[in-house]
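A.B. asks: Could you have a look at this structure, given as structure tokens, before my questions?
The values are calculated or read from the model by the stated rules, or taken from the named source; none is laboratory data. Bear in mind the structure is a predicted one, so any value in this text is a computation, not a measurement. Glycine gets a Cβ as well: all are built from the backbone with ideal geometry, and neighbour counts include every protein chain shown. Surface accessibility is based on the protein's heavy atoms, side chains included, excluding ligands, DNA and RNA. Shrake-Rupley method; radii C 1.70, N 1.55, O 1.52, S 1.80 Å.
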Amino acid sequence: MSLHLQSVPRSLGSSDLDKIDAAVDITELGDKVNGVSFKVKTNVDNLAGMDVVFDNPNNFFGFKNKQKLMEFRNKGEMLFYTQGGQKVEILFTGNFPREDTINFVNAICAEYTKITGAPILKIDSSEKIEEKKKELPKFKISTIMTNSYVIESIMRSSFLGFASQEDLMKFKGNGKILLNKTTEGTYDIMFVGDFNRKEAKSYIQNLTDEYKEAIQEITYNKVMDKIKKEKYVVESEVVDNNNSIILTLNID
């Protein structure tokens, strides 16, 4: 990225999650934000979309020139992350001025809208909530899943065991659902808020089941593409009791 603004981790460590959880939304702050960690929502759908936004070297994101932009960038650290398939948020730690930060994020949202046609999201700089949010409870559930794209895709498109979209949104409304990549390459799912543990476990079980089916389909399509490329003939295709697909090929 030309302006070296990118600070996008592909996974979040436990310390990152603690920082995110402890930070307040920028709309909850007054004018004095020096030394305070805060987070801001964007309209960007995923981290890849953020890469595209920052790919324009001539966009100074609300600042007069590149020097002013870089002076702002050097005020601290920016951490870009997603929350269980939701929009990208940015965590600011350091001494970022409130108004400059709002202008910066609004410019990011405007650029993403221009590129993709996504609905514009504009932060109202007059929004201030003095009451501090209480710290929310959190817990994690470990999984065997390793592909974040497939996980987030399922989380966006499936009811995951709930009877309706309304029931699913009521469950999600209890707080935040975050992905945390482990050193083994699998993902822990973090629940931050007033989630019922039994419902959360059922949610993850359904997510895991659909993930396995999605990965099997992806693998199957890759194998079939290779079979076609090699001009092999599929003589039989059987699904066994374990829901595994057994192919018999003629490679003559």
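A.B. asks: Can you give me the number of residues within the range 149-163 that are farther than 12 Å from residue 188 by Cβ and either in a helix (DSSP H, G or I) or aliphatic (A, V, I, L, M) (or both)? Write out each step before concluding.
C.D. replies: Going residue by residue through the range 149-163, those that are farther than 12 Å from residue 188 by Cβ are 149-150, 152-163.
Subsequent filtering for residues that are either in a helix (DSSP H, G or I) or aliphatic (A, V, I, L, M) (or both) retains 149-150, 152-157, 160, 163.
So the count comes out to 10.
A.B. asks: Looking at the range 136-143, is at least one residue in a loop (DSSP other than H, G, I, E, B) and modelled with pLDDT of 95 or more?
C.D. replies: To start, the set of residues in the range 136-143 that are in a loop (DSSP other than H, G, I, E, B) comprises 136-137, 143.
Imposing the further condition that a residue be modelled with pLDDT of 95 or more reduces the set to 143.
Looking through the range 136-143, at least one residue is in a loop (DSSP other than H, G, I, E, B) and modelled with pLDDT of 95 or more.
A.B. asks: Keeping to the range 72-103, report how many residues are closer than 26 Å to residue 15 by Cα and either within 20 Å of the chain's Cα centre (by Cα) or open to solvent by 60 Å² or more (accessible area, probe 1.4 Å) (or both).
C.D. replies: 20
A.B. asks: How many residues, within the range 34-52, are of a type in the set (A, V, I, L, M, F, W, C) and under 14 Å from residue 89 (Cβ atoms)?
C.D. replies: Applying the first criterion (of a type in the set (A, V, I, L, M, F, W, C)) to the range 34-52 yields 36, 38, 40, 44, 47-48, 50, 52.
Among the residues that remain, those that are also under 14 Å from residue 89 (Cβ atoms) are: 38, 40, 44, 47, 50.
Summing the residues that are of a type in the set (A, V, I, L, M, F, W, C) and under 14 Å from residue 89 (Cβ atoms) in the range 34-52 gives 5.
A.B. asks: How many residues does the range 167-207 contain that are of a type in the set (Ser, Thr, Tyr), open to solvent by less than 20 Å² (accessible area, probe 1.4 Å) and touching a Ser or Thr at 6+ places or on another chain (Cβ under 6 Å)? It would help to see each step written out before you state the result.
C.D. replies: Step one: list which residues in the range 167-207 are of a type in the set (Ser, Thr, Tyr), which gives 182-183, 186-187, 202-203.
Then drop every residue that is not open to solvent by less than 20 Å² (accessible area, probe 1.4 Å), which leaves 187, 203.
Still in the running and touching a Ser or Thr at 6+ places or on another chain (Cβ under 6 Å): 187.
Of the residues in that region, 1 qualify.
A.B. asks: If you check every pair at least six apart or on different chains, which have Cβ atoms under 9 Å apart with a residue in the range 166-179 that is in contact (Cβ under 8 Å) with a residue 24 or more places away in the chain and in a strand (DSSP E or B) first and a residue that is open to solvent by 60 Å² or more (accessible area, probe 1.4 Å) and not aliphatic (A, V, I, L, M) second?
C.D. replies: 175/137; 175/138; 175/194; 176/86; 176/138; 177/86; 178/138; 178/140
A.B. asks: Here is a further query. What number goes with the only condition from (1) closer than 19 Å to residue 180 by Cβ; (2) polar (S, T, N, Q); (3) modelled with pLDDT of 90 or more that residue 74 does not pass?
C.D. replies: Going through (1) closer than 19 Å to residue 180 by Cβ; (2) polar (S, T, N, Q); (3) modelled with pLDDT of 90 or more one by one, residue 74 breaks only (1).
A.B. asks: Further question: May I ask you to list the residues in the range 55-71 that are over 20 Å from residue 115 (Cα atoms) and either open to solvent by 10 Å² or more (accessible area, probe 1.4 Å) or touching a strand residue (DSSP E or B) at 6+ places or on another chain (Cβ under 6 Å) (or both)? Step through it out loud before you land on a result.
C.D. replies: Of the range 55-71, the ones over 20 Å from residue 115 (Cα atoms) are 64-71.
The answer is 64, 65, 66, 67, 68, 70, 71.
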